[in-house]
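Here the structure is laid out as structure tokens; the discussion comes afterwards.
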Amino acid sequence: MNQITKGKQSLLFENAPYIVSAASVTGSKEAEGPLGKLFDMTSEDNLFGAQTWEEAESTMQKEACVLALGKAHVKADEIRYLFGGDLLRQGIATSMGVEALQIPMFGLYGACSTSGEALALAGMSAAAGYGEYMLAVTSSHFGSAEKEFRFPLGYASQRPLSAHWTVTGSGAFLVRAAEPERDVSTTRISHVRIAGVTVGKIVDYGLKDSQNMGACMAPAAMDTIVCNFEDMGRSEKDYDRIITGDLGYVGQSILFDLVRGKGYDIRQKHIDCGMTIFDRETQDTHAGGSGCGCAAVTLASFIIPKIESGEWKRVLFVPTGALMSTVSYNEGASVPGIAHGIVLEHCPETE
């Protein structure tokens, strides 16, 4: 067995799979933010040569996948399975985006936590020996998300200060088994491994404000972080950084309070992707960034390079999701949250 169950919800890998490469594709607003120079590809008009927002999002997914494969000199037909998802109905951004690659696909929906879900399943599949290479990809688009969940952009509705700005972006990650089936001497050497995962569960505190997703998701983030500590016998001191997906400024303060109530203090170790990708002072994004693409592009462009270089030795990556739909919101249902924890480690033995 290459996977060891730990506690209630976690796994550790005896022979941990590697993230061989990662790619990020974003829109113009993201390119103007603090991470702008780190992205692999950006578009000035956010349409990427397409006619609609949905087609643009599909294009981002395809480009991110192609870039990730190209960095590792791996062909699409070498990928055993693809795990992908987005925020749109029936996952159309993913299905239409990766169709041309003709890779066997699992379509996922974990809202903004989908990058964690995809990486967890890719890592588990590679570690279990189901294939040499797995591909994980997620995306979101400001235009398509506003149309899906709120109002058409032309409506010009006023956004409350607690609202998030959906990131226009896609991140793709090539995961390789620790013991490849064939010679991979031509493949890029990776120093980042998926050491373990803590699969999140649905947490619902009864909040109904879809314009305050940070508050809706913070309890799920707390639950997964604390579960990871307890399952693996660790604390915040065992991680260089604990990074949530898109709680934003409102959700972060709630998370700190909730975690402190469990006996831990993560304030000195915490980073939130939604607070990192935009500049609060110069970009009008209110509570911060969100969307499947938020955590994905931040991981691909900012977090993985720091682990790769050894600046961070161990990171707990916890993308968060608000599990709602237009139907549930219109019927007055609460907005439950979910968060998946991915333990990422620097691998000096590959140097």
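Computed from the coordinates by the stated procedures, all read-outs in this text should not be read as laboratory data. Given the structure is predicted, the values throughout are model-derived calculations rather than measurements. Because the Cβ atoms are built from the backbone with ideal geometry, glycine has one as well, and the counts that use them run over all protein chains shown.
Here is how the numbers come out for the structure above:
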| quantity | calculated |
| --- | --- |
| Cα centroid of region 238-298 to Cα centroid of region 32-92, whole Å | 24 Å |
| Lysines whose Cα lies under 24 Å from that of K62, excluding same-chain neighbours fewer than 8 positions away | K29, K37, K71, K75, K147 |
| Share antiparallel - DSSP beta bridges, the chain, percent rounded to 5 | 65 percent |
| Sites matching GluC sites (Glu not before Pro) across region 242-333 that sit in DSSP coil, with at most 13 neighbouring C-beta atoms within 10 Å | E281, E311, E331 |
| Relative packing of 24-30, 197-203, 100-106, 117-123, which averages over residues the other C-beta atoms within 10 Å, highest first | 117-123, 24-30, 197-203, 100-106 |
| Dipole of the chain [Lys/Arg +1, Asp/Glu -1 at C-beta], most positive-end residue of H191, Q9, N212 | Q9 |
| Global geometry of the chain, whether rounded, prolate or oblate, following the gyration tensor of its Cα atoms and the 1.5 cut on a/c | oblate |
| Dipole magnitude (debye, nearest 20) for the chain, charges at Cβ of Lys, Arg, Asp, Glu | 580 debye |
| Fraction of antiparallel bridges per DSSP, region 198-351 only, in percent to nearest 5 | 55 percent |
| Pairs of lysines in region 194-350 (C-alpha under 17 Å apart; 8 or more residues apart or interchain) | 5 |
| Trypsin sites (Lys or Arg not before Pro) restricted to DSSP loop in region 41-87 with at most 14 other C-beta within 10 Å | K75 |
| Computed helical MRE - 222 nm, the chain, DSSP H runs ≥ 4 contributing -39500 (n - 2.57), nearest 500 | -9000 deg cm²/dmol |
| Gained length - E281 relative to K306, 0.36 nm times residue gap less alpha-carbon distance | 6.5 nm |
| Rounded to 5, the percent of DSSP beta bridges in region 17-176 classed as antiparallel | 55 percent |
| Backbone N under 14 Å from the E32 label point (7 Å along Cα→Cβ), restricted to region 277-303 | 278-286 |
